[in-house]
Amino acid sequence: MKKIFIYILICLLGCGCSINYSLSGASISPDVKTFSVAYISNHAANKQATLSDVFTEGLKDKFRSTAGLSLVPSNGDLQFSGSIVEYSTSYEGVTASQLAAQTRLTISVQIKFTNKTDEKQNYDKRFSAYRDFDATESLSNVEDVLIKELSEEIIESIFMESVANW
């Protein structure tokens with residue numbers, strides 16, 4: 001009789017517990033079902049024509065595919081808005097002949113995040129990333145690849161800051 005009681009107790013405990021585990025590192029409340037992304041406008045001094053679209057659509061794709069949430073036009077349980085505040089190049093390092101050895105492309109995005117189910121998680125934060133490339137290369141030759149890499153890195157940081165409650 002004691003064995004049956006223990007078996008039933010273990011079954012009840014096992015059925016009553018749930019573990020929210022995700023390979024992405026996301027820890028999303030079961031109350032969160034939707035998200036919305038306002039257009040990420042470009043307010044950087046140096047404009048790049050496709051950058052707003054890259055960030056807006058990239059953020060949508062990341063949450064749709066990784067978080068399993070439904071995209072709504074506005075007023076989602078998780079809400080993102082913001083702007084691109086920096087798109088710049090600078091010279092890094094100097095060669096023996098007093099020329100720049102590297103050029104650095106930096107992209108920064110200011111994101112406002114609102115979590116309607118847990119206001120303690122809200123933030124308004126700047127996310128940045130950069131890549132260096134050989135100064136003998138022109139930006140136009142490497143720009144597409146660098147934008148892809150930098151936007152993916154920044155979007156991953158936004159995702160982790162928003163839903164990975166570590």
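For the range 70-95, name all the residues that are over 30 Å from THR106 (Cβ atoms) and among the aliphatic types (A, V, I, L, M). Full working, then the answer.
We begin by selecting, within the range 70-95, every residue over 30 Å from THR106 (Cβ atoms); these are 70, 72-75, 77.
Answer for the range 70-95, where residues must be over 30 Å from THR106 (Cβ atoms) and among the aliphatic types (A, V, I, L, M): just VAL72.
Among residues of the range 112-147 being more than 18 Å from ALA67 (Cα to Cα) and touching a residue at least 60 places away in the same chain (Cβ under 8 Å), the one that is surrounded by the fewest Cβ atoms within 10 Å (Cβ to Cβ) is GLU143. Of the candidates THR56, THR66, the single residue that is under 28 Å from VAL163 (Cα atoms), buried (at least 16 other Cβ atoms within 10 Å of the Cβ), of a type in the set (Ser, Thr, Tyr) and free of Cβ contacts under 8 Å to residues at least 24 places away in the same chain is THR56. Counting only strands (runs of 3 or more DSSP E) wholly contained in the range 38-150, the ones carrying 2 or more residues that are of a type in the set (Phe, Trp, Tyr) occupy 78-94, 123-134. Taken together, the residues in the range 96-130 that are in contact with a helix residue (DSSP H, G or I) (Cβ under 9 Å, 6 or more places away or on another chain) and over 21 Å from HIS43 (Cβ atoms) amount to 3.
The set of residues in the range 137-160 that are of a type in the set (D, E, K, R) and at pLDDT 95 or above comprises GLU143, ASP144, LYS148, GLU149, GLU152, GLU153, GLU156.
The values are calculated or read from the model by the stated rules, or taken from the named source; none is laboratory data. Since the structure is predicted, the reported quantities are computational estimates derived from the model, not experimental observations. As a convention, Cβ positions derive from the backbone with ideal geometry for all residues, glycine included, and neighbour counts pool all protein chains shown.
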